[in-house]
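Engineer: Next up is a structure, given as structure tokens.
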Amino acid sequence: QGGVCLIEGAQGTGKSRLLNDATGHARVIGIHTLEDRAQASEDTSESLLRLGRILVAELGARVPAELEGAMRNFEVGQANQPGGTIGSDLRYQLYDGVRAALEGILREEPVLITLDDLHQAPQPKVALISYLVRTLVVRDGLPLLVMASLRSDTSMQGMHHVRDGTELGLKPVTV
């Protein structure tokens, strides 16, 4: 069964290291991993396309036509929009393409997606993650685990759709 694990804390508390350790452990036990990192300077379209590109690189010749077409349409449509705005139809088509590609993997094996610095992600990227969790984990019961780090001193639009579970209060470990 899948789920979401949000790792929140102040800057420099080891959130990224915990994500890296979780990814390494997942690989050791044979879980398919996809890693992404939000970047403050990145525009929305690049942020959304990156997860699609990660899937394309992972799947190689097994990339579903739905994802390839959605990415192509998104890139062409985005380039033709005045001011680089993204049309919602193209965005939702891309969301569906990413979901279809992930579903194909999840029908065969579990997947861990790690998203570092989620607090820097544009709202449409958070909406994509929320959509994937709602459809693949909640509705379909597929084994997708999304782990994301974010700073606790920031607020994010759309997190109420992702943050829907039990909160574990952890104290810093001192050595």
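The values are calculated or read from the model by the stated rules, or taken from the named source; none is laboratory data. All figures in this text were calculated on a predicted structure; none of them were measured in a lab. Note that we place each Cβ from the backbone using ideal geometry, even for glycine, and neighbour counts take in every protein chain shown. In case anyone asks, the SASA skips ligands and DNA or RNA and just uses the protein heavy atoms, side chains included. Shrake-Rupley method; radii C 1.70, N 1.55, O 1.52, S 1.80 Å.
Engineer: Please specify each residue of the range 20-65 satisfying the condition of being of a type in the set (Gly, Ala, Ser) and over 18 Å from the mean Cα position of the chain (by Cα).
Structural biologist: Correct list: GLY30, GLY60, ALA61, ALA65.
Engineer: Same structure again: Mind checking whether some residue in the range 1-16 is free of Cβ contacts under 8 Å to residues at least 60 places away in the same chain, basic (Lys, Arg) and part of a helix (DSSP H, G or I)?
Structural biologist: No, the range 1-16 contains no residue that is free of Cβ contacts under 8 Å to residues at least 60 places away in the same chain, basic (Lys, Arg) and part of a helix (DSSP H, G or I).
Engineer: I need the full set of residues from the range 112-150 which are touching a Ser or Thr at 6+ places or on another chain (Cβ under 9 Å) and of a type in the set (Lys, Arg), in order please.
Structural biologist: LYS125, the sole residue that qualifies.
Engineer: I'd like to know if the range 104-127 contains one or more residues that are in a helix (DSSP H, G or I), among the hydrophobic types (A, V, I, L, M, F, W, C), touching a Phe, Trp or Tyr at 6+ places or on another chain (Cβ under 6 Å) and at pLDDT 90 or above.
Structural biologist: no
Engineer: A further question on this structure: Of the residues in the range 21-43, how many are open to solvent by 40 Å² or more (accessible area, probe 1.4 Å), part of a helix (DSSP H, G or I) and either within 13 Å of VAL98 (Cα to Cα) or out of contact with any strand residue (DSSP E or B) (no Cβ under 8 Å at 6 or more places or on another chain) (or both)?
Structural biologist: 3
Engineer: Right, ARG107: without any contact (Cβ under 8 Å) to a residue 40 or more places away in the chain and open to solvent by 20 Å² or more (accessible area, probe 1.4 Å) or not?
Structural biologist: When the stated conditions are applied, ARG107 passes them.
Engineer: Based on this model, can you work out whether GLY14 counts as surrounded by fewer than 18 Cβ atoms within 10 Å (Cβ to Cβ), within 24 Å of GLY141 (Cβ to Cβ) and of a type in the set (Gly, Ala, Ser)?
Structural biologist: In short, no.
Engineer: Find the residue count for the range 132-141, including only residues that are over 10 Å from the mean Cα position of the chain (by Cα), within 23 Å of ALA26 (Cβ to Cβ) and open to solvent by 10 Å² or more (accessible area, probe 1.4 Å).
Structural biologist: Within the range 132-141, residues that are over 10 Å from the mean Cα position of the chain (by Cα), within 23 Å of ALA26 (Cβ to Cβ) and open to solvent by 10 Å² or more (accessible area, probe 1.4 Å) number 6.
Engineer: If I go through the range 128-154 residue by residue, how many of them are over 12 Å from VAL4 (Cβ atoms), of a type in the set (Lys, Arg) and modelled with pLDDT of 90 or more?
Structural biologist: Counting residues in the range 128-154 that are over 12 Å from VAL4 (Cβ atoms), of a type in the set (Lys, Arg) and modelled with pLDDT of 90 or more gives 1.
Engineer: Which of the following residues is at positive phi, surrounded by fewer than 19 Cβ atoms within 10 Å (Cβ to Cβ) and at pLDDT below 95: GLY77, GLY87, GLY158?
Structural biologist: None of the other options fit; the residue is GLY158.
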